[in-house]
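Structure first, then comments.
The values are calculated or read from the model by the stated rules, or taken from the named source; none is laboratory data. Predicted model only: the values in this text are computed from it and were never measured. Note: ideal-geometry Cβ built from the backbone for every residue, glycine included; neighbour counts use all protein chains shown. Surface areas here come from the heavy atoms of the whole protein model, side chains and all, with no ligands, DNA or RNA. Shrake-Rupley method; radii C 1.70, N 1.55, O 1.52, S 1.80 Å.
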Amino acid sequence: MDARNPDAPVVIDDPAPASEPIVRQRPRISPLNQRRLNNFKANGRGYWSLWIFLFLFILTLFAELIANERPLLVSYKGELLFPVLVDYPEEKFGGFLAVTRYYDPFIREEIEANGWMIHTPIRYDHTTRSYASNMPYPIAPTWLLDRSEACSKLEDGVDDAYCGYGTYHWLGTDDQGRDVLARLIYGFRLSVLFGLTLTLVSSVIGVSAGAIQGYFGGWTDLLFQRFIEIWTSIPSLYLLLIFSAFFVPGFWTLLFILLLFSWVALVGLVRAEFLRGRNLEYVRAARALGLSDLRIMFRHILPNAMVATITFLPFILSGSITTLTALDFLGLGLQGDAPSLGELLAQGKTNRNAPWLGLTGFMTISIMLSLLIFVGEAVRDAFDPRKVEG
């Protein structure tokens, strides 16, 4: 109202339109982890090593679809069969063996007369003996042989339909006639799976043990430390020799034996982080608020302790793979037809007239471990506090 003219109409300005509420989207990744990710990407060698390693590992996970003596798909008398997934008896094709050998001339002719087959790129798996070449074992790589020598065992020689890229031994065979390339593919997968399993299980046990030691301290820490000192003084190699005398070493047996000693690798590191973190202000506050010890340990202290732990994981993985390879090389590891890279190195040492055995095994192990080391260096840079906190 205008005080000088009370009869004047009151003009009320329209209120400003209410602004729409600002919706702040929570970032998918915290700024701290974003800086860590950027640091990891900044290390180009480690970043690309991770992608190359993942590509090779994922590729070998489908080894049965890449290197296999059994066809991927068979059409026989109008029926579609999947030999790569199912073991069909030879009786289905007129034979008498329990498991069909699809490279047998009789089976091949029977199937080709009544259908067709789609093979894998490499027509051998890690156990298949060479059925294409009649050369003495170990057979040299195909590119060092004449085509007639490479297909000398096939029924029609070089004119046989099986004489082709799929049946060639591109990296030769070992002294038992098994294709080296197929064994490398299966061996890479086996080594990485063994190393990953051992690393993950031993890390879980080691982190838990170190957390209990560091958080509770006192007598718990003292007794645990004395136990670890006694336990680590046991020579694991002698224990392996004793176990090998009673049991046939296999994947799970070796994993169990190595796990008995590998879990202590992270205990000291996690224990130190928990000893430091148990007296911090926020931990005392959480304790004063009545939170349980388990919640404080794994919700409030462990995330900080895991920063130092994660940087060690790639190196523990490479150490686990090296241990398996060393045991296989010494003859204390995987037995039988297991696709072992260490056994391939041992064959290279025994068969010095076949240098492709030692060279391929050495190159595979070297590339695998180098990739893991480069990844480990990049992870270490990514979690380096000086780089993360600027």
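What distance in nm separates the simple spin-label points at A161 and T253, each placed 7 Å from Cα in the Cβ direction?
4.3
Starting from the Cα of L223, step 7 Å along the direction of its Cβ; do the same at L369; then give the gap between the two resulting points in nm.
So the label points at L223 and L369 sit 4.0 nm apart.
How far, in degrees from 0 to 90, does helix 267-277 lean away from the longest principal axis of the Cα atoms of the chain, to the nearest 10?
Roughly 10 degrees between the two axes.
Fully extended, how many nm does the chain gain between L330 and N351 (0.36 nm per residue separation, minus their Cα-Cα distance)?
6.0 nm
In whole Hz, with x marking every Gly and Pro, tabulate ³J(HN,Hα) for the range 298-315 from phi via Karplus 6.51 cos²θ - 1.76 cosθ + 1.60, θ = phi - 60°.
Using θ = phi - 60°, the values come out as 8, 9, 10, 9, 4, x, 5, 5, 5, 4, 6, 6, 4, 5, 8, 4, x, 6 Hz.
Taking the Cα atoms only, what angle lies between the long axis of helix 251-262 and the longest principal axis of the chain, rounded to 10 degrees?
40
From the phi of every residue in the range 154-159, what ³J(HN,Hα) in whole Hz does the Karplus formula 6.51 cos²θ - 1.76 cosθ + 1.60 yield, where θ is phi - 60° and glycine or proline is x?
Once rounded to whole Hz, the list reads 6, 4, 9, x, 5, 8.
Would you mind working out the accessible area per residue for the range 321-390, using a 1.4 Å probe, and quoting it in Å²?
Accessible area per residue, the range 321-390: 47 Å².
With contacts defined as alpha carbon pairs under 8 Å and 6 or more residues apart, what's the relative contact order of the range 308-390 in percent?
That works out to 33 percent.
Sorting check: for 66-73, 255-262, which peptide has the highest mean count of neighbouring beta carbons within 10 Å, and how do the rest follow?
Highest mean packing first, the order is 66-73, 255-262.
Per the helix-only calculation at 222 nm, which mean residue ellipticity applies to the chain, given -39500 (n - 2.57) for every DSSP H run of n ≥ 4 and division by its residues, nearest 500 deg cm²/dmol?
About -17000 deg cm²/dmol.
Would you please give the FRET efficiency between A113 and D146, computed as 1/(1 + (r/R0)^6) with r the Cβ-Cβ distance and R0 = 35 Å, to the nearest 0.05?
Efficiency, rounded to the nearest 0.05: 0.70.
At a Förster radius of 35 Å, what calculated FRET efficiency corresponds to the Cβ-Cβ distance of F57 and L289, to the nearest 0.05?
0.20
Taking loop as defined by DSSP and a crowding limit of 15 other beta carbons within 10 Å, which GluC sites (Glu not before Pro) in the range 285-390 fit?
Hits after loop and neighbour filter: E389.
At a 1.4 Å probe radius, carbon and sulfur cover how many percent of the accessible area of the range 206-262?
Here it works out to 78 percent.
Pick out, in residue order, every one of the trypsin sites (Lys or Arg not before Pro) in the range 33-65 that is DSSP loop and has at most 11 other C-beta atoms within 10 Å; say none if there are none.
none
Can you tell me the accessible area per residue over the range 209-314, all protein chains present, probe 1.4 angstrom, in square angstrom?
58
Once the Cβ-Cβ distance between N134 and E64 is put in as r, and R0 is 41 Å, what FRET efficiency do you end up with, to the nearest 0.05?
0.90
What is the list of residues in the range 329-352 whose amide nitrogen lies under 12 Å from a point 7 angstrom out from the Cα of T127, following Cα to Cβ?
336-339
For a label point 7 Å from the Cα of K77 along Cα→C-beta, name the residues of the range 113-133 whose backbone N is under 17 Å from it.
Correct set: 113-117.
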